[in-house]
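So the structure is just underneath, and the comments pick up after that.
Nothing in this text is a laboratory measurement; each read-out follows from the coordinates by a stated rule. Since this is a predicted model, take the numbers as computed values, not measurements. Cβ: placed from backbone, ideal geometry, glycine included. Neighbour counts: every protein chain shown.
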Amino acid sequence: MSETPQVTSALASSLDTTTVGGGADAVSPPAAVAGRPPRARASRRERLEITLLSGPAIVVFVAFVILPVIAAFYYGFYRWKGYGPPSDFIGLHNYRVILTDPEFHRAVLHNVEIAGLSLLIQGPLAILLALLLNREMRGRSIIRVLVFVPWVVSEVIAGTGLSLMLPVNGAINALLTNLHVFGHVEVQWLGPHLGLWTLMAILTWKYLGFAVILLMAGLQNIPEELYEAASIDGASYWQMQRNITLPLLGPTIRIWAFLSIIGALQLFDLPWIVWGEFNLDRDGVSTMATYMAHYGPRTGLYGYGNAVAVVLFVISLIVALLYQRFVLRRDISGSVTDGGRR
Amino acid sequence: MSFNPTRARRSAFAVAAAGLLLTTAACGSSNDASGSSGDANAKVTMTLWTNSTTGPGVQFFKDAATAFHTQHPNVTIKVQSVQNEDYDGKLQTALQAGKGSAPDIMFQRGGGKMLAMVQAGQLGELTLSGDASSNISTGAQSIFQADGKTYGVPLSITPEGIWYSTDLFKKAGLTGTPTTIADLTSDAAKLQAAGTPLAVGGKDGWPAAHWYYMFAVRDCSQDALNKAASSAQFADPCFLQAGKDLGTFVATKPFEKDAFNTAAQGSAASTAGLLANHKVAGELMGAWEPGVVGDLTPDKKPLADLGYFPFPSTVDGKGDATAMMEGADGYSCSAWAPQQCNEFLNFLATADQESKYATAFSAIPANKAAQGSVTDAASKAALEAANNAKYSVLFLDTLFGSNIGNALNTAVVNFMSGQSSDPQSIVDAVNNASTKG
């Protein structure tokens, strides 16, 4: 799908700049030590290094992100079934249809619900688990494995398994029935009432491991001395977590939230496989990406599908830029705003 | 909205001319001209794409390629099998890339999708041999025609009907098979009470939509169906009536539990798997059903008690009670294929090759001279129903092309699963389908 790359795009651009800045900084000192006119030599080497280091990334980025986005814009202006070159130019018609289609509105709403609920459910859980797993305790490796394995399993495999377990006749209801506690269980896990919550449970199970990994990495970066100082001052464990760990974990949490929001906006594979193309809208788990696949390639309307991809891209881009501007600004200020200019 | 509706209508008209319906059970014209001209002795290699991935299916094409090579030593055919669900996408990309990438010989379903390939200049026109054109029904031929020209050769036909377990019908106390919807409704209630209901693979969309198609075939006159196909509009009131009749039938809860989270094929939990394991009594399907069910029985052998009956008639239906809905599996040549491609397809259409094909795929061959190779009772019954049909209609989603077909299937699923309660929503979905570009 053409929508996946832009997660990388925002990150890649910030990472690119970071690399370039670091490279330039590293080069300057020897030039000064050599005692020659530093400017000319340094800048030639600098330029060469910038080209060599960032060149491949830029080529890949342009070929697989920028060009497809431009192509999607182009095809979105046509009525085109994907056979032969597009010839029936219809201007903004596709965009008008998309933006007035109640089914698309519902898909956007589901995306927003999924993004919000993901943050609310996975965030606190992930922080608690990361704190827990950061301590020496019995059975720690087992819990780690249990949390991380779902994240490693491919979405298609997990989705296929769940799609066999969750229907009314499936294994989950059979298991609950066999517990002989609830009587004969016939819960419609996938139905319109529970659909969204079932999806949230699946997503939490699937992606919690990723959040925990990020947060545990963040915990490693908090200097031990701070805790020592705090404990000398008589702080309790919870006081330390609240006043040291959480604030210093801030940048990691904000990056995780960013990835989680973008992932939720582009969610496709799990609902598509578990619910099936025709059930998504009814059961309240359609997303912009499933809408795009259903009315794009599956319906043979490639022009329309491309227009939906553009809308999805623009929405994701706006969210990403706003988030960078208002939330991530502090965390990345050193690398983006004046990197490489010194 | 600013788009121009005549264009959609024009292409729909071409579909009508092409794939549409309606053969009067018939014999074809003997149009004898085998297409061979130019240098027939130059060395030629052709690629063939099939959607079959199973042992016997792929083997059939390899054997056919070898047999053809023996007759024409200068022609070599390379068989490549592409997973069915990937097939359309891969083919479309390869055809877009044109010469060099496109397969010379390709699996083809006909209808609206084939028309799009024809309009893009990606398919080569074919000339059927005298044997093929006289032995393949004009109905099956018409599925692969556009604007009066032939672009594909049918190898098998897939008449639609209800495939059922005769044992489970007996167990539920049913003696005969239903001929009216009223009978079907009361039979379905008995089957449901016996714990083995009828099934529908609603998760995949099209199996549910087939119920609407069949109600439309029974409720609408041949003329109304023709007009719908040529205008891409459900203008006749019979299309609403078909929705109402479907709604009345579905309201009696004839299907298995959680039908819209059940897939049609591929696993023991699918409807074909449930039928193969005697968990449900039957389902509405095309004639690929015996093969699909046979793969899912515990011993991987054909289901011994599989039966077939045609879709029952509705009260006051304007359609003929014998009218058949069917599809066909065929093969096309790309626009860049060498002339020997046409010859090879005519070779595949011979009675000898088609009966081998029918055995390999458990299918009903399109060539009448090969239809003696159909041996299982259910397929025989389906073939008989197809041969007795006054006229036949292509599966509506194939006929309309994926654009309108997908909108129709989505609307039928929403209606049958209770998301929308108004049968008018099905008619509206078709009439508004062309707003999306």
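Report, by chain and number, residues whose modeled amide H sits under 5 Å from the one on residue B:149, excluding near sequence neighbours (fewer than 5 apart, same chain).
Excluding prolines and chain starts, which carry no amide H, there are no hits.
What is the stretch A:60-117's relative contact order, in percent, from Cα pairs under 8 angstrom and six or more apart in sequence?
18 percent
Limiting things to C-alpha atoms, what are the Rg and the maximum Cα-Cα separation (Dmax) for the stretch B:395-437, in angstroms?
10.0, 28
For residue B:356, list the lysines whose Cα falls under 16 Å from its own Cα; do not include residues on the same chain fewer than 8 positions away.
Partners within reach: B:62, B:368.
Tell me the net charge near residue B:52. Cut-off is 14 Å between Cβ atoms, residue B:52 excluded, with +1 for each Lys or Arg and -1 for each Asp or Glu.
Net charge in that neighbourhood comes out at -2.
Looking at the stretch A:174-254, what % of the alpha carbon pairs are farther apart than 14 Å?
Beyond 14 Å sits 75 percent of the P(r) for the stretch A:174-254.
What pairs in B:301/B:380; A:81/B:390; B:257/B:436 have C-alpha atoms more than 29 Å from each other? If you can, show how the numbers build up before the last one.
Details: B:301/B:380 18 Å; A:81/B:390 34 Å; B:257/B:436 34 Å.
Violating the 29 Å Cα-Cα cut-off are A:81/B:390; B:257/B:436.
Hey, what number do you get for chain B at 222 nm if only DSSP H runs of n ≥ 4 count, each worth -39500 (n - 2.57), divided across all residues, to the nearest 500?
After summing the helix terms and dividing by the residues of chain B, the value is -14000 deg cm²/dmol.
Treating cross-link reach as a plain straight distance, find the aspartates and glutamates whose alpha-carbon is under 18 Å from the alpha-carbon of residue B:78, omitting any fewer than eight places away in the same chain.
Those aspartates and glutamates meeting the cut-off are B:63, B:104, B:343.
Could you tell me how many degrees, from 0 to 90 and to the nearest 10, lie between the Cα long axis of helix B:206-219 and the main elongation axis, the longest principal axis, of the Cα atoms of chain B?
It works out to around 80 degrees.
If you take every residue apart from residue A:254 with its C-beta less than 14 Å away from the C-beta of residue A:254, what net charge results, scoring Lys and Arg +1 and Asp and Glu -1?
Here the count lands on +2.
Once you put a point 7 Å from the Cα of residue A:227 and another 7 Å from the Cα of residue B:90, both along the Cβ direction, what distance in nm separates them?
5.4 nm
Relative contact order of chain B, please, whole-number percent, based on alpha carbon pairs below 8 angstrom and at least 6 residues apart.
The normalised contact order for chain B reaches 26 percent.
Could you tell me which of rounded, prolate or oblate describes the protein assembly as shown, using a ≥ b ≥ c as the square roots of the eigenvalues of the alpha-carbon gyration tensor, with rounded for a/c under 1.5 and, failing that, prolate when a/b is larger than b/c and oblate otherwise? Don't skip to the answer; put the middle values down first.
Working: a/c = 2.21, a/b = 1.54, b/c = 1.43.
In terms of gyration-tensor shape, prolate.
Any chance you could give the angle, 0 to 90 degrees and rounded to 10, that helix B:181-193 forms with the longest Cα principal axis of chain B?
The angle comes out near 70 degrees.
Given points 7 Å out from each Cα along the Cα-Cβ axis, report the residue A:74 to residue A:100 separation in nanometres with one decimal.
Each label point is offset 7 Å from its Cα along the Cβ direction, giving 2.9 nm.
Just to be sure I understand: with springs between alpha-carbon atoms less than 10 Å apart, which residue in B:317, B:205, B:266 has the highest mean-square fluctuation in the Gaussian network model of chain B?
Among B:317, B:205, B:266, the largest GNM mean-square fluctuation belongs to B:266.
Share of Cα-Cα pairs in the stretch B:65-194 beyond 24 Å, in percent? Before the final figure, lay out the partial values.
Working: 4480 of 8385 pairs.
In whole percent, the long-distance tail amounts to 53.
In Å and from the alpha-carbon atoms only, list the Rg and Dmax of chain B.
Using the Cα atoms of chain B, the pair Rg, Dmax is 21.3, 68 Å.
Let me check I've understood the local charge: for residue B:386, count other residues with C-beta under 12 angstrom from its C-beta, Lys and Arg +1, Asp and Glu -1. What total comes out? List each step's numbers first, then the result.
On the way: positive: B:368, B:380, B:390; negative: B:160, B:326, B:384.
Summing Lys and Arg as +1 and Asp and Glu as -1 gives 0.
Which value in Å does the Kirkwood hydrodynamic radius of the stretch A:48-185 take, with 1/r averaged over all unlike C-alpha pairs and then inverted?
21.5 Å
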